[in-house]
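A.B. asks: Sharing a structure below in structure tokens format, with a few things to ask.
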Amino acid sequence: MKNKTLKKYMNFSAVISTLIPLFFIAMFMHLTGSFESNYEEYRNKFSIELIAVNDIDDSDKVTITYRITNNSWRDWQWINYQVLHKNNDKIIYSSNSMIYDWEIDAGEQALLTVEVDKLPNITAFELTIQELKNRTRFPL
């Protein structure tokens with residue numbers, strides 16, 4: 001009888017001593033961003049609203065400010081975006097860029113101000129997010 005109890009305890013102990021290090025490894029990988037999420041899976045959780053378009057004095061540039069709402073449960077950073085310059089729903093020109101230090105928290109809103117070329121006859125600027133990366137708590 002004592003032998004069976006001892007064997008069960010030894011098996012349980014072996015399982016626990018294996019799972020505890022695996023748990024800490026998984027937690028470390030999570031905190032450093034090793035488990036990347038694919039932004040495409042969360043695209044429908046974002047909304048984009050145009051806030052302002054302002055000419056830059058003595059320049060051939062325009063600044064555009066958008067309010068982006070993140071309705072997902074993930075924090076994001078490092079935005080890769082495209083701005084479509086339109087004239088009556090027809091795409092005239094597009095510009096792409098990345099901002100490495102831009103961040104948005106889960107369930108929050110963040111402003112994004114971009115600078116693009118001023119072109120004649122543009123009636124709308126449409127922002128499309130191409131890619132976002134998970135924000136890590138402790139980047140390596």
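Just so you know, all these numbers are worked out from the coordinates, no wet-lab data involved. Predicted model, so just to flag it, every value in this text is computed and none were measured. Positions of Cβ are generated from backbone atoms using ideal geometry, with glycine treated the same way; all protein chains shown enter the neighbour counts.
A.B. asks: So how far apart, in nm, are the two label points at Glu126 and Asn88 if each is 7 Å from Cα heading toward Cβ?
C.D. replies: That separation, rounded to one decimal, is 1.6 nm.
A.B. asks: Still on this structure, I have one more. Net charge near Gln82: determine it from the other residues with C-beta under 13 Å of the C-beta of Gln82, scoring Lys and Arg +1 and Asp and Glu -1.
C.D. replies: Taking every other residue near Gln82 into account, the sum is -1.
A.B. asks: Between Ile20 and Met98, what is the label-to-label distance in nm when each label sits 7 Å out along the Cα-to-Cβ direction?
C.D. replies: If labels sit at Ile20 and Met98, their model points lie 4.2 nm apart.
A.B. asks: In addition: Give, as a single signed number, the net charge of other residues whose beta carbon lies under 9 Å from the beta carbon of Thr63, with Lys and Arg counted +1 and Asp and Glu -1.
C.D. replies: In short, -1.
A.B. asks: Using 1/(1 + (r/R0)^6) with R0 = 35 angstrom and r between the beta carbons of Leu50 and Trp73, what's the FRET efficiency to the nearest 0.05?
C.D. replies: The computed FRET efficiency comes out at 0.85.
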